[in-house]
Structures are given as structure tokens and as C-alpha cells.
1. Considering only lysines 8 or more places apart in sequence, or on different chains, count the pairs in the chain whose C-alpha atoms sit under 19 Å apart.
2. Counting only C-alpha contacts under 8 Å and six or more residues apart, can you give the relative contact order of the chain as a whole percent?
3. Please report the net charge: other residues with Cβ closer than 13 Å to the Cβ of Ile65, K and R +1, D and E -1.
4. At what distance in nm do the modelled label points of Thr208 and Ala45 sit from each other, each positioned 7 Å from its Cα along Cα→Cβ?
5. For a paramagnetic label modelled at 7 Å from the Cα of Thr198 toward its Cβ, which residues of segment 216-254 fall within the zone defined by backbone nitrogen distances under 19 Å?
6. Please arrange Arg212, Arg179, Arg201 by counting, for each residue, the other beta carbons lying within 10 Å of its beta carbon, fewest first.
7. Quick one: angle between helix 113-133 and the longest Cα principal axis of the chain, in degrees between 0 and 90, rounded to 10, please.
8. Based only on other Cβ atoms within 10 Å, what is the fewest-to-most ordering of Leu108, Leu27?
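Derivation of every value follows stated rules applied to the coordinates shown; laboratory data play no part. Note that the structure is predicted; figures quoted are calculated from it, not measured. Glycine also receives a Cβ, built like all others from the backbone with ideal geometry; neighbour counts cover every protein chain displayed.
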Amino acid sequence: MDLRLKGKKAIVTGGTRGIGRAIVETLADEGCAVAFCARNAEQIAQAVDALKSKGVSAYGGVVDIADGNALKAWIVKTGETLGGLDILISSAGAMAMGSNEASWMKNLQIDIFGAVNSVEAALPMLEASAGQSGDAAIVAIGSTAAVNAMMPSSYGAVKGALVHYIRGVAKQNAPKHVRANVVSPGMVYFKGGVWNTTEQRSPEYFKTSLARNPMGRMATPQDIASAAVFLASPCSSFTTGINMIVDGAMTDRVNY
């Protein structure tokens, strides 16, 4: 399927590894000019070089998502460099699993305020793009932890708040044809990721967790990236305000 993304301009927060990196590469493969940010300058440089070697227009920036003013400034400047903005994907996440105050603050700073600041900075550019082409898109990466509450969890609660916020953004901006959706992954496995680390440190817990997946495997970053990029594309131009769960049937929730 042609996702009609050739020539589009996209910004991805948290784009050097895991889901974010897969999203960046998928957008680039679809013909987008793509910019992304992270905290590690070396990883950013490596990712930019890898993308440019394929003939892709790629830009990277060192940004601490927790610094709202710096994040907003980078998005505005990057949009100017790209010559506009059609797609914003907020994929940076703190992954703080505790329920203590420090975990709450970290998740709020990165997952909520990171998304809020990104959206606020990008909206004028997205509105301008939608005014010309008829479609612009925001996608935030959530988690199935938002719909499964087995214990007190700042991570799950904050991801739930993210769904609520993005739904509001979708309703408010639908008349302007700026769409907003959430993609909520189940367990995602990649080298250096949370589940790879768990596999090494707690093999029995990893085995038990893996068994919860009816498909017999965890997701790959590409599984999630494909869903996110489809939602960001004009092929999804009438889809807005949804929380797309991509979990291989792991959760028991029924969406009516």
C-alpha cells in the first residue's frame, strides 16, 4: 500500500533506539524528510549518518525532553529547517515503573509534559500544513499498561492520562484536519530494551511474561512503528481520537 507520505515532513521525539528509531526509519523509507531528538549525541549522529547513507533527508538534535522550553524551541526551529511540518510523533518515554514520587514526576515530565510541549509547539505548523494538504497528524506512543491495572503504577496511570489528553487534542483540532491518535504497545522486545534486560537479569520472570503473549512472542519495534506510521499517513485521514492497542491479543480488554 502506498501510504502517500512521500515529501511529507515529520518530527519524532525519542528517535534513536527501539520504537522511536523504527518509526524514524519507517517514515524515511516511505519518503518523508524526518527529524528526531534524543539525549545521546553519539547515537543521534550514528542514526543521522545511517539514514543519509540511504539518501534520506534526516536531521537530529540533542534535547532533554524534560526541559520544556528547550523542547519547544527545538521543534519550532526544526520545523523551520524542514520547511513545514506534517507529522509529529511523540515517542519519548521515561519507563519509570515505581509508584513513589520520583517515578510519578519522571513519568509526568517525559510522557505527559513531553507530549504536551511537543504538541503545543508543533500545532501552528501542523495547522498550516493541514490547511494546504487537508491532513496533518499527531501520534503519541502509549502502553497497554494504561488499560491493565494490577497494582498501583505511576507508569500505567500516566499513560492513561496521555490517552485522555490526545483524545482532547483530536476533538479540538478535528475541524482543522489535524488528527491525533495513540498507539499503545504491549510487550516490546529489542536488544538493550526493558525486556531484553529482564531476560538477562530475571530469566524466570521473563519466561513467565513471555507466556502471557498468545502469539508466542513479544512485539518488535517495527510492529509498533508500522501501526504508528499508518495512523500518521493520509491513508488514515478519517481516523482520529483513537487508542490503537497493538499487543498480539495479550490484554483482555474488549473495545466497543
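1. Value for the chain: 15.
2. Values: 502 pairs, mean separation 49.2, N = 256.
Rounded, it is 19 percent for the chain.
3. Details: positive: Arg39, Lys72, Lys106; negative: Asp64, Asp67, Asp111.
Net of charged neighbours comes to 0.
4. The answer from the label model is 4.4 nm.
5. Under 19 Å, as judged by backbone N against the label point of Thr198, lie 216-225, 245-253 of segment 216-254.
6. Details: Arg212 13, Arg179 27, Arg201 9.
In order of increasing Cβ crowding within 10 Å: Arg201, Arg212, Arg179.
7. Helix 113-133 and the main axis of the chain meet at about 40 degrees.
8. Lowest count first: Leu108, Leu27.
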